[in-house]
Amino acid sequence: MYADSSWAEAERSFKRTPVIGKVLVGSSDAYLYQFDAFSPLPTTRVQLGDGGSAVGVPTVDIVKSMKYVGMDKDEVYGVTFPLP
């Protein structure tokens, strides 16, 4: 039971969202990691920037199949998704 109906609606829409089986995770080691949704080990990684800044939480552009992530050094990068 939800106190706010917007949470219930958000959960219903999330369950209808197609999942392609890949997850991107930003890290403090300047890498963006890609995982298969059901595996604890990364399948690939890509270094962003000069390697001296943490990678933030990715956001998605479904229309362009892009993920955008911010860095500690006030930089934003766009990467194709899934990662090659």
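The values are calculated or read from the model by the stated rules, or taken from the named source; none is laboratory data. Small disclaimer: the values here were computed from a predicted structure and weren't measured. When we count neighbours, we look across all protein chains shown, and the Cβ atoms used for this are built from the backbone with ideal geometry, even at glycine.
So is SER39 outside any strand (DSSP E or B), surrounded by 12 or more Cβ atoms within 10 Å (Cβ to Cβ) and on the phi < 0 side of the Ramachandran plot or not? In short, no.
Of all residues in the range 41-84, exactly one satisfies the criterion of being closer than 18 Å to GLY21 by Cα and of a type in the set (Gly, Ala, Ser), namely SER65. Checked against (1) at positive phi; (2) at pLDDT 90 or above; (3) not hydroxyl-bearing (Ser, Thr, Tyr), VAL69 passes all but condition (1). A count restricted to the range 47-63 and to residues that are over 13 Å from the mean Cα position of the chain (by Cα) and either loosely packed, with under 11 Cβ neighbours inside 10 Å or of a type in the set (Val, Ile, Thr) (or both) stands at 4.
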